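What follows is a single structure, written as structure tokens, with notes after it.
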Amino acid sequence: MSDNRFKDHLGRPIVAVTGMGVMTSLGQGLADNWAALTAGTSGIHKTTRFPTDKLSTRISGTVDFIPVPAENSVERSFAFARETTVEALAQAGLSGDFDGPLFLAAPPVEPEWSDRFALADRAPPSKTEGDAYDRFLAAMRERPDPVFLEAVQFGSISERLSDAFGTRGLPVTLSTACASGATAIQLGVEAIRQGRTDRALTVATDGSVSAEALIRFSLLSALSTQNDPPEKASKPFSKDRDGFVIAEGAATLVLESLESAIARGAKILGIMKGCGEKADHFHRTRSSPDGGPAIATIRAALADAGMDETGIGYINAHGTSTPENDKMEYGAMLAVFGDGLKNIPVSSNKSMIGHTLTAAGAVEAVFSIQTMLTGTLPPTINYTNPDPTIVLDVVPNRKRDAQAKAVLSNSFGFGGQNASLVMALEPA
């Protein structure tokens, strides 16, 4: 007979978090990141990876302190994911083969401009004109380039992680824009709830900041152009916000059924209580102004957790610092929480680490659990000019001591991808 202590309100296995690892522009490892985050330190800096002289945005939250064998987004993303996974497994007390599935959120993979030009330049004489892709293929046929091949294969990061950590089955790679990290966690939660595994490795990583990425987001008018000083550029929910700061990072969470984790004597860091995900068909990049899909996403996460809005003690907001998204998210939260919203502390980690894109949902899930574990609410920095149309308790500029027993974390992304997670401390 199954033990109901380990089942949720719908009779599904309760999913616990037993290990976490994180890396952002603030540093490597949970301890360093948390110390900097709660101190209100910014990791945003002048971009040095490539020339920015002619660009309107010259700042970012790149992670430049991890050595990589080749300067491309795949190698950076793999290195970040590898390091955060080592940290998470160590905290979980797991060694050897992981023996569970891997769910990876990874950025869309494209070769760097310099690599494309170099490849085209070494095309054989008969292919020096015409379609660029014909020239690429001709060059590769004449002289195979394993490094370039590795850099353009979308699934290569998850395959290398699977080999390194001994995960079971075909590793899953997904990319759902800014919701990717939360979606990877949701897949891990569902695998455990469905009884397909007792544990899952959920990883989200993004090392894709490049000149092309910066230019593309600039053309969408999505990036802040307040370059000086860099650390003041990201200002979620402020009146003078003008865009997000592109950044990099990674996070890994070890998920286990509560029953399995307790049986092996693991420390329970938190519980993944609810996941919500809804699509938004309004626009390829803009969220629906009425917040309808975001409202439905938050409500779905609460329903999945078996909670109503009164159970949430803190919100880790998507909080990008873009004019439209912050306004939409506020409207969505107001629609769900009503008058009670003004009494719920809200923070945007992006004010300090920037927007880590594919990794954001998982990075912020780690910080959400750490918020509950430590009884410390990280601040939203640069909040000196509040937007009078957005009435929130944003934990302005300085951390706050407060115990939240349940946290909502939102991730609303391009392409209509919306995801919300509800996390809680260990059940009694």
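The table below lists the values:
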read-out: Shape of the stretch 362-423, Cα gyration tensor, a/c cut at 1.5; value: oblate
read-out: Kirkwood Rh and Cα Rg combined as Rg over Rh, evaluated for the stretch 197-307; value: 1.07
read-out: Order of exposure, largest accessible area first, which applies to Ser156, Ser42 with probe 1.4 Å; value: Ser42, Ser156
read-out: Protection proxy ranking of 227-240, 100-113, 350-363 - average other beta-carbon atoms within 10 Å, highest first; value: 350-363, 100-113, 227-240
read-out: Value at 222 nm in deg cm²/dmol, rounded to 500, when DSSP H runs of n ≥ 4 in the chain each add -39,500 (n - 2.57); value: -10000 deg cm²/dmol
read-out: Largest-first principal axis extents of the Cα set of the stretch 297-428 (Å); value: 41, 33, 32
read-out: Per-residue SASA entry for Tyr330, accessible area with 1.4 Å probe, Å² rounded to 10; value: 30 Å²
read-out: Binned Cα-Cα distance frequencies in the stretch 259-358 - 10 Å width, integer %; value: 13, 39, 33, 11, 4
read-out: Zero-based 5 Å bins, Cα pair distances in the stretch 90-214, whole percents; value: 2, 10, 16, 16, 14, 12, 10, 8, 6, 4, 1, 0
read-out: Cα convex hull volume per residue for the chain (Å³); value: 137 Å³
read-out: Loop trypsin sites (Lys or Arg not before Pro), the stretch 1-55 (other Cβ atoms within 10 Å of the site Cβ: 12 or fewer; DSSP); value: Lys54
read-out: Sulfur and carbon atoms: percent of accessible area, the stretch 1-90 [1.4 Å]; value: 55 percent
read-out: For the chain: accessible area per residue (Å², 1.4 Å); value: 40 Å²
read-out: Rounded to the nearest 10 Å², the accessible area of Ile14 at probe 1.4 Å; value: 20 Å²
read-out: Bridge type composition, the chain - antiparallel percent by DSSP, nearest 5; value: 70 percent
read-out: Partner lysines for Lys273 [C-alpha distance under 19 Å; skip if fewer than 8 residues away on the same chain]; value: Lys7, Lys405
read-out: Gyration tensor verdict on the stretch 17-105 (Cα atoms; rounded if a/c is under 1.5, prolate if a/b is larger than b/c, oblate otherwise); value: oblate
read-out: Directionally averaged projected area (convex hull, Cα atoms, the stretch 139-277), nm²; value: 13.0 nm²
read-out: With all protein chains modelled, accessible area of Phe154 [1.4 Å, Å²]; value: 80 Å²
read-out: Values of log10 I(q)/I(0), in the order q = 0.13, 0.14 Å⁻¹, for the stretch 1-155 under a Debye, Cα-only, solvent-free model; value: -0.86, -0.94
read-out: Hull-based mean projected area of the stretch 134-203, where the convex hull spans the alpha carbons, in square nanometres; value: 6.4 nm²
read-out: Rounded percent of accessible protein surface that carbon and sulfur make up, the stretch 102-233, 1.4 Å probe; value: 55 percent
read-out: Label-to-label distance, nm, for residues given as Glu190 and Leu10 (7 Å Cα→Cβ offset); value: 1.1 nm
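The values are calculated or read from the model by the stated rules, or taken from the named source; none is laboratory data. The shown structure was predicted, so the numbers you read here are calculated from the model rather than taken from an experiment. Here Cβ is always computed from backbone atoms with ideal geometry, including for glycine, and neighbour counts include all displayed protein chains. For the accessible areas, the whole protein counts, side chains as well, though only heavy atoms, and no ligand, DNA or RNA atoms are used. Shrake-Rupley method; radii C 1.70, N 1.55, O 1.52, S 1.80 Å.
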